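The values are calculated or read from the model by the stated rules, or taken from the named source; none is laboratory data. For clarity, every value in this text was computed on a predicted model and none was experimentally measured. Here Cβ is always computed from backbone atoms with ideal geometry, including for glycine, and neighbour counts include all displayed protein chains. When the accessible area is computed, the model is the full protein with side chains, heavy atoms only, and any ligands, DNA or RNA have been set aside. Shrake-Rupley method; radii C 1.70, N 1.55, O 1.52, S 1.80 Å.
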Amino acid sequence: LGEPLAAGAVADPLVTAFLRRQRRLEEQSRRREAGLAQRLLRFLRKKFYLFRRSALMTCISLRNLALGRPPLQQLAQEVAFANWRGEEEEARPEGGGEGQGGPEH
């Protein structure tokens with residue numbers, strides 16, 4: 001189950017969902033077992049990226065109100081930059097996980 005698929009093989013959606021769920025459960029257990037310093041660091045990192053995104057999106061919105069909407073390509077790049085979450089997101093496989101379900105608290 002944990003091995004990569006052979007070239008050209010199609011993954012069963014049920015197996016893919018199961019593996020995704022297992023990774024999520026392992027990550028949750030790792031977080032629960034983490035020390036106080038790691039928990040605090042994760043909390044501060046989450047809040048930093050939340051504040052960063054809020055500030056950037058506010059600046060983009062105010063600029064759009066004052067100067068009009070830029071081309072969609074530029075707007076998409078700016079929003080992608082605002083949504084970037086650093087090494088945390090780059091290390092996450094498939095770009096999925098907790099950041100996909102909406103705002104985190």
- request: Run the accessible area of segment 49-90 with a 1.4 Å probe and give the carbon-and-sulfur part as a rounded percent.
  value: 65 percent
task: Determine, from the Cβ-Cβ distance of ALA76 and GLU33 and an R0 of 35 Å, the FRET efficiency 1/(1 + (r/R0)^6), rounded to the nearest 0.05.
output: 0.35
Distance in nm between pseudo-label sites at LEU62 and PHE43 (7 Å out along the Cβ direction from Cα): 3.0 nm
message: Leaving out ligands and nucleic acids, and using a 1.4 Å probe, what accessible area per residue does segment 49-90 come to in Å²?
response: 74 Å²
Computed Rg/Rh of segment 49-90, alpha carbon atoms with Kirkwood Rh: 1.03
- request: Could I have the simple spin-label model distance between VAL15 and ARG85, label points 7 Å from Cα toward Cβ, reported in nm to one decimal?
  value: 2.8 nm
